[in-house]
Amino acid sequence: MIKKWILLLFLLSSIFSLRTYGGEVKVVVTGSSKSLTVSVKRLTTVPYPLKPLENAIIEVIIASPTKNKEEVTLEVYDSEDWLYYSKKIFLDSSIKDQLKFLDYFTVLGALGNHKVLVTTSWGERVRISFTVDTYTNINTDSQRFDRFFDQLVFTVKKDEQLFKVGDKWIRCNPSWIRDHIHEMKGYKYWETDLKSFIEHILDLQMVNGAYYDFISYIDDPHKNFVGKEWQKEDKENNVIYIRIPVEADLEYLLVEGAYTVWQATGDNDWIKRYLPKLEKGLEYAMTDPLRWDSTYQLVKRPFTIDTWDFTNYLFEDDLKTNIKIRELSLENPFCIMHGDNSGMLEACTLLSTICKSIGYIDKARYWEEKAKHFKEQTNKVCWNGKFYTHQIHLDPKGAELYDETERLSLSNAYDLNRGLPDYEQAVSIIKEYQKRWERDKKASNSWAEWYSIDPPYEQFSFYKAGQYINGGILPAVGGELAKAAFNNGFEDYGLDILNRFMEKIEKDSFVGFLYTRDGKDMGGGPPGWGASAFISAIIEGLGGIEDKSVLFKKIYCSPKWAITDYKEVFITAKYGPSNGYFSYKFSHLKDSKEVRIEYSGNSQDNFFHILLPKESKYADVKINGNSIKSNISRVKDSLYVDFTTNQKGGIISVSYR
């Protein structure tokens with residue numbers, strides 16, 4: 001009798017829950033056996049596949065009564081056969097009519113085909129499957145923030161360009177490989193074709209190991225500015241490939257781009273095929289006398305503004321100037337630029353990671369040692385006690401003419417995220433940006449501190465102080481700086497940067513590439529570059545979703561929503577070309593002093609590092625109702641609770657006090 005009432009109450013509660021939901025229910029899939037009919041239903045009529053963390057229903061109908069007390073077992077498996085939901089239903093023999101019951105479950109685990117298995121104690125069995133898929137998105141209880149994220153994504157998508165070469169379409173985002181790779185920080189989360197442009201440039205690698213900068217149509221004016229040895233015409237397809245000779249960043253950027261392709265696809269065969277070219281590119285940068293300084297043992301470049309593509313010459317004849325400012329020879333006044341060498345550090349680290357993963361242990365050690373060299377030597381040569389000096393002039397005249405002592409250049413923001421500074425140095429760089437922001441805010445002479453260079457040069461080639469890259473405000477710097485702030489204990493500052501750019505976009509209704517200090521759009525490049533940096537700052541900084549392997553198989557999750565006023569946040573990061581993803585729903589229940597995170601992914605190696613509200617000092621953690629071991633860690637003035645779990649999905653409850 002007790003079991004009968006339990007079953008009756010269960011059925012009534014299921015029906016009541018459906019009625020209180022008040023919406024339509026859509027059947028996703030149905031299967032049957034002799035006396036069983038099993039359906040999976042969702043609480044919405046949208047035609048798309050079920051998503052991770054979505055609540056769904058299993059409906060079981062038993063056509064004929066049982067003679068004895070029986071049981072029904074429900075099991076749900078993800079596409080990798082992980083059992084993430086299981087329940088036993090006990091039936092009573094006194095029930096004579098057709099029996100129908102409902103059970104709720106939350107979709108978890110790897111994307112793809114999930115299986116529902118229903119078995120009975122009298123020997124019947126029904127197995128049905130349904131598709132689970134998702135996409136990169138953010139939903140908060142602030143439509144304003146959601147629109148901000150959507151505008152950033154829209155901006156990156158607008159930079160796409162397509163070229164037909166032979167029978168292949170080359171997808172560029174945009175057509176300069178440097179910009180394309182910087183924008184990968186954004187579009188890797190939705191674009192399916194990450195390979196075509198990277199492959200194309202790698203396949204066209206020059207004999208000495210160098211790469212071309214961009215693809216364009218054959219009448220591109222840049223061909224008049226560089227020598228024939230730095231360009232390659234393809235008249236049959238009406239395209240041309242050009243390298244701006246003074247640039248020293250392509251060889252390490254191609255490693256970053258190829259690593260991103262590998263991480264988002266998990267394609268070991270592909271990365272093995274292109275590894276020799278990637279290594280050849282770095283060796284070229286470390287050996288060619290036009291790229292390598294034998295005294296400092298670091299990559300060098302002609303005297304440019306940070307990573308930009310022109311030197312400091314100006315003639316009355318514009319064509320003569322355009323040729324001279326891109327010229328590369330041993331007669332150039334050379335410099336050591338920190339950003340090139342932090343890029344080399346990151347590239348060597350990424351190559352070591354790749355080689356270790358695919359079993360090339362000796363190569364992994366080699367590139368690990370190279371990474372150590374770049375970290376140590378760049379800090380020795382370029383660190384000035386507060387930040388990284390813009391240019392270390394190798395030409396004595398340059399050192400006399402240009403005082404670089406206080407000149408903060410854009411690559412400092414990139415250095416922060418490439419692993420060049422230690423923690424104390426990172427704090428010093430971020431504080432320097434804060435100091436300059438307070439200075440300019442007080443004087444009301446700038447809307448942001450994301451300088452391309454500060455202070456600018458009085459004149460640099462065509463550009464006076466404040467014009468273009470000689471002092472303009474670069475959103476790419478803002479995005480990199482925000483991400484670094486979030487990850488180094490300056491969470492409030494990171495959020496402030498996001499909020500200021502959100503306000504700027506709301507006011508202008510578009511995202512610019514480069515701005516004057518009074519907020520006017522200067523153009524001059526692809527706006528998706530900066531937009532991608534901000535997407536990365538939101539997903540990997542504020543949202544704290546970081547892939548420490550490939551396909552999100554090893555997760556570092558460090559959500560920092562506790563510094564915002566948002567009570568609920570749903571965030572998903574998914575790679576465009578694969579099923580690698582991670583999702584979570586963040587809830588802050590202030591009245592009960594609880595942070596709750598419902599999460600799902602395809603990783604069984606998860607490290608959580610959750611920011612606690614400012615007033616808290618201690619925290620207890622439960623996963624699916626079970627207490628687990630955790631530790632409190634401090635980053636600057638911020639407290640985090642740290643713990644690990646090997647479950648692909650579940651409910652985390654953090655009680656703080």
Hey, could you get me the Stokes-Einstein D for the chain, Kirkwood radius over alpha-carbon pairs, 25 °C and 0.890 mPa s, rounded to whole µm² s⁻¹?
90 µm²/s
15 Å beta-carbon shell around GLU598, net charge (K/R +1, D/E -1):
+3
Between region 426-450 and region 535-550, the alpha-carbon center distance in angstrom:
25 Å
Residue-by-residue Karplus 3J(HN,Hα) for region 172-184, coefficients 6.51, -1.76, 1.60, Hz, glycine and proline x
10, 9, x, 8, 8, 5, 4, 5, 4, 6, 4, 6, 4
Sorted by mean Cβ packing within 10 Å, highest first, what order do the peptides 572-583, 384-395 take?
572-583, 384-395
Please turn the phi angles of region 517-522 into ³J(HN,Hα) values with the Karplus equation 6.51 cos²θ - 1.76 cosθ + 1.60 (θ = phi - 60°), one per residue in order, whole Hz, x for glycine and proline.
5, 9, x, 7, 6, 9
Which value in nm describes the separation of the simple spin-label points at SER329 and SER86, placed 7 Å from the Cα toward the beta carbon?
7.6 nm
LEU298 long-range amide H proximity, modeled H, under 5 Å:
ASP293
Spelling out what I want: for every residue of region 437-446, take phi, set θ = phi - 60°, compute 6.51 cos²θ - 1.76 cosθ + 1.60 (Karplus), and round to whole Hz; glycine and proline get x.
5, 4, 4, 6, 5, 5, 7, 6, 10, 6
Residues whose placed amide H lies under 5 Å from that of VAL28, excluding near-sequence neighbours:
VAL40, LYS41, ARG42
Which loop GluC sites (Glu not before Pro) in region 435-492, with loop taken from DSSP, have no more than 10 other Cβ atoms within 10 angstrom of their Cβ?
GLU458
Hey, which lysines would be in cross-link range of LYS507, C-alpha to C-alpha under 24 Å, not counting anything within fewer than 8 residues on its own chain?
LYS157, LYS158, LYS441, LYS442, LYS483, LYS520
So how far, in whole Å, is the C-alpha centre of region 118-161 from the one of region 609-657?
26 Å
Sorted by chain and then number, the residues having a modelled amide H within less than 5 Å of the amide H of TYR189, at least 5 places away or on another chain, are GLY576
For region 189-282, just the Cα set please: Rg and Dmax, both in angstrom.
14.0, 41
If you take the Cα atoms of region 555-656, find Rg, then find the Kirkwood Rh from the mean of 1/r over all pairs, what is Rg/Rh?
0.95
Alpha-carbon centroids, region 379-424 and region 227-258: separation in whole Å
27 Å
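Rule-based calculations on the coordinates, nothing more; no lab input. From a predicted model like this one, the values you see are computed outputs, not experimental measurements. Methodologically, a virtual Cβ is constructed for each residue, glycine included, from the backbone with ideal geometry; neighbour enumeration extends over all protein chains shown.
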